[in-house]
């Protein structure tokens, strides 16, 4: 009888501890569904077939000229009211003269954290290049008007969090000059990898600090800034260590060339450039700059950013804006959609309790690390299609895992389930993501009188084996082919 009650006590203790650990996992069955997309995005699309002016769907009228800062703020807020089901409006800070830096987020779940990639567009970095702010409002309104009507609009809204900052430099726009109100070029105000400039964050411009804080809050997969004065898609690096003008590629040079080509070949005539082969250029090969936003994004924020020169004329007549929108429309859409139309995506989990892990993803022979999301363990790694890659997942306190993939035309989902590292004696090493039992529970096991009953030891082994065998596994719906590295 004593043995029977001992067994009953042991079983009750194990069940209680098991429930405690599972409750701390908390994500069983809550993984969002994957995407269902196919095909690439780099095929040429000419836009002369669509010359219709979008003024009938926009909340502002371009016939009177460019929007003032007040007009732009009104247009953004009107958009938020008109498209409240798929958008939210927020500010990331203010300019030197106190003008709010308004952002439009477009998603089927705006403001919610999801295991989806995020993309940002920024316009009007230079005050005398206002075409970008107008094109970005065209883009926002087109997505609102065509959601659930056009497949590409629906794809973007339902599978990507798109953030649009129409004007980073409203003060420069008002002054009709390149620099901000403090006469600082915002695209030279970021920390530089080659030279120790702009190291003091408090000394940077408020617009620059707003961008840096924004990227600390939101993990963007990719982005682009819209400039004027040329017609080309520019990619890193923007500078060289010796300040010479020559090609200087970053570790993801192939991926950046692929992204730039998506924009160029989707444009009306960018890829036909006689100045830039294929309508794309390495920044340092064009002319080196230092303290640029593009390189800082890639180095410090894990964000693949392009600098897009969308108009030869920096400040063309307002009557030309609808034509410029038609020329850039498919490029802007295809670049955003490329986040879910190619690359490798997935999540990282712990094999102990199924919790998401904020691990890291590296690709063999590419010296660059993409970090998974802190709360959802999601990662999005942009890569050139039609290549074979070895994907490696790592996390402190866990054994790394790797798998080889063939990335065809479409995307691939690879989830990693990592096992904790163990010591020489076989005990699982402690880490902040493991289930921690209280001291009282541990003492209970020590004090349990099982030394005198071998039968209890045998039953304990059976029970533990039963629990391990029926441990639940996370299943995630995938974009394209799916693989779980166990």
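Filtering the range 151-191 to residues that are in a helix (DSSP H, G or I) and within 17 Å of residue 86 (Cβ to Cβ) leaves 151, 152, 153, 154, 155, 156, 157, 158, 159. On the stretch given as the range 195-217, residues that are part of a loop (DSSP other than H, G, I, E, B) and at pLDDT below 95 total 6. Considering only the range 258-274, state which residues are touching a residue at least 24 places away in the same chain (Cβ under 8 Å) and part of a helix (DSSP H, G or I). The answer is 258, 259, 260, 261, 262, 263, 264, 265, 266, 270, 271. Going through (1) surrounded by fewer than 23 Cβ atoms within 10 Å (Cβ to Cβ); (2) under 25 Å from residue 315 (Cα atoms) one by one, residue 263 falls short only on (1).
Take the conditions (1) more than 24 Å from residue 229 (Cβ to Cβ); (2) out of contact with any strand residue (DSSP E or B) (no Cβ under 9 Å at 6 or more places or on another chain); residue 342 misses just one of them, which is (2).
Residues of the range 172-183 include at least one that is farther than 20 Å from residue 67 by Cα and surrounded by fewer than 24 Cβ atoms within 10 Å (Cβ to Cβ). Does the range 207-218 contain at least one residue that is under 25 Å from residue 411 (Cα atoms), in contact with a strand residue (DSSP E or B) (Cβ under 8 Å, 6 or more places away or on another chain), surrounded by fewer than 18 Cβ atoms within 10 Å (Cβ to Cβ) and not assigned by TED's automatic domain parsing to the domain that holds residue 376? So far as the range 207-218 goes, yes, one or more of its residues are under 25 Å from residue 411 (Cα atoms), in contact with a strand residue (DSSP E or B) (Cβ under 8 Å, 6 or more places away or on another chain), surrounded by fewer than 18 Cβ atoms within 10 Å (Cβ to Cβ) and not assigned by TED's automatic domain parsing to the domain that holds residue 376.
Highlighted here are the strands (runs of 3 or more DSSP E) found entirely within the range 324-385 that include at least 3 residues which are over 17 Å from residue 397 (Cα atoms) and either in contact (Cβ under 8 Å) with a residue 12 or more places away in the chain or outside the structural domain of residue 256 (by TED's automatic domain parsing) (or both): 344-350, 366-371, 378-381. Each residue in the range 299-321 was checked for being out of contact with any helix residue (DSSP H, G or I) (no Cβ under 6 Å at 6 or more places or on another chain) and assigned to a helix (DSSP H, G or I), and 4 of them qualify. In this structure, is residue 296 assigned to a loop (DSSP other than H, G, I, E, B), modelled with pLDDT of 95 or more and buried (at least 18 other Cβ atoms within 10 Å of the Cβ)? Answer is no for this residue.
If the condition is being assigned to a loop (DSSP other than H, G, I, E, B) and in contact with a strand residue (DSSP E or B) (Cβ under 7 Å, 6 or more places away or on another chain), then the range 275-293 contributes only 276.
Restricting the range 187-244 to residues that are free of Cβ contacts under 8 Å to residues at least 24 places away in the same chain and farther than 28 Å from residue 90 by Cβ leaves a set whose member that is nearest to the chain's Cα centre (by Cα) is 199.
Just one of the listed residues (240, 245) is in contact with a helix residue (DSSP H, G or I) (Cβ under 6 Å, 6 or more places away or on another chain), farther than 30 Å from residue 407 by Cβ, in the same structural domain as residue 92 (by TED's automatic domain parsing) and not in a strand (DSSP E or B), namely 240. The set of residues in the range 300-332 being surrounded by fewer than 23 Cβ atoms within 10 Å (Cβ to Cβ) and within 16 Å of the chain's Cα centre (by Cα) consists of 300, 301, 302, 303. On the stretch given as the range 118-130, residues that are farther than 18 Å from residue 223 by Cβ and touching a strand residue (DSSP E or B) at 6+ places or on another chain (Cβ under 9 Å) total 1.
For the criterion of being touching a residue at least 60 places away in the same chain (Cβ under 8 Å), part of a loop (DSSP other than H, G, I, E, B) and farther than 15 Å from residue 225 by Cα, residue 129 fails. Check whether at least one residue in the range 101-117 is crowded, with 24+ Cβ neighbours inside 10 Å, touching a strand residue (DSSP E or B) at 6+ places or on another chain (Cβ under 6 Å) and part of a strand (DSSP E or B), and report yes or no. Yes, the range 101-117 contains a residue that is crowded, with 24+ Cβ neighbours inside 10 Å, touching a strand residue (DSSP E or B) at 6+ places or on another chain (Cβ under 6 Å) and part of a strand (DSSP E or B).
The values are calculated or read from the model by the stated rules, or taken from the named source; none is laboratory data. If you're wondering where the values come from, they're calculated on a predicted model, not measured in any experiment. Because the Cβ atoms are built from the backbone with ideal geometry, glycine has one as well, and the counts that use them run over all protein chains shown.
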